[in-house]
Amino acid sequence: MNNQIILFDGVCNVCNGFVQFVIRYDEKQIFRFASQQSDIGHQLLNKHDAPALDSIFLVDGDKVYSKAT
């Protein structure tokens, strides 16, 4: 099973609340998390040409989804 990575702003209280909500209800443990400020967060944002700290992003393999998608 492919795990999906949620990239979030690690200093945003709303984003952190969202992450806690997902963790609480992700019974199948599908999602992994990375702060956009972390090394892996920077790497994923650069790889997918996503604007940092603009949104919460879902990385699913080669696809990236933002609140607009």
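Closer than 19 Å to N3 by Cα and surrounded by 11 or more Cβ atoms within 10 Å (Cβ to Cβ): does that describe R24? No, not satisfied.
Consider the range 21-69 and keep the residues that are of a type in the set (A, V, I, L, M) and part of a strand (DSSP E or B). The one that is modelled with the lowest pLDDT is V64. If you go through the range 2-20 and pick out every residue that is open to solvent by 80 Å² or more (accessible area, probe 1.4 Å), outside any helix (DSSP H, G or I) and either acidic (D, E) or more than 14 Å from V59 (Cα to Cα) (or both), you end up with 1. In the range 46-69, what residues are farther than 18 Å from N3 by Cβ and under 12 Å from the mean Cα position of the chain (by Cα)? Those that are farther than 18 Å from N3 by Cβ and under 12 Å from the mean Cα position of the chain (by Cα): A50, A52, L53, D54, S55, S66, K67.
The values are calculated or read from the model by the stated rules, or taken from the named source; none is laboratory data. Keep in mind that what you see is a predicted model, and the values were worked out from it rather than measured. A quick note on method: Cβ atoms are made from the backbone with ideal geometry, for glycine too, and the neighbour counts reach across all protein chains shown. The area values use the complete protein model at the heavy-atom level, side chains included, leaving out ligands, DNA and RNA. Shrake-Rupley method; radii C 1.70, N 1.55, O 1.52, S 1.80 Å.
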